[in-house]
Amino acid sequence: MNTKRSKAGIALDEVFSGAAKDPKWKGAYANADIEVQLAIQIAKARERARLTQAQLAEAIGTTQSVISRIERAAQNLTLETLSKIAGALHRDLVIQLR
């Protein structure tokens with residue numbers, strides 16, 4: 001089987017497809033900090049939109065390195081930045097207090 005891989009490696013959806021079915025992974029994700037959950041959601045949404053980190057960065061007026069830090073949960077996010085990311089990815093931003 002000759003599968004062509006991008007320079008970035010394996011797609012996140014491919015990585016998480018098996019992991020999401022694993023009860024241990026589901027539990028770990030549910031217990032992860034909100035920053036980690038949000039980072040995963042952003043990275044997956046970006047890939048589904050078929051955008052590179054650089055393209056998303058350009059769309060929201062920042063740099064690729066900032067997007068990389070966001071996707072690693074190593075960057076504090078403002079509501080303004082989250083809103084820009086959601087808009088660029090054609091997603092709704094929903095924030096709740098429970």
Scanning the stretch 65-86 for residues that are farther than 14 Å from residue 35 by Cβ and without any contact (Cβ under 8 Å) to a residue 12 or more places away in the chain, the one least open to solvent (accessible area, probe 1.4 Å) turns out to be 86
Scanning the stretch 22-40 residue by residue, those surrounded by 14 or more Cβ atoms within 10 Å (Cβ to Cβ) and either modelled with pLDDT of 95 or more or polar (S, T, N, Q) (or both) turn out to be 37
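The values are calculated or read from the model by the stated rules, or taken from the named source; none is laboratory data. What you are looking at is a predicted structure, and each value in this text was computed from that prediction instead of being measured. Cβ sites come from the backbone with ideal geometry, for glycine too, and all protein chains shown count toward neighbours. Side chains included, ligands, DNA and RNA excluded: accessible areas come from the protein's heavy atoms. Shrake-Rupley method; radii C 1.70, N 1.55, O 1.52, S 1.80 Å.
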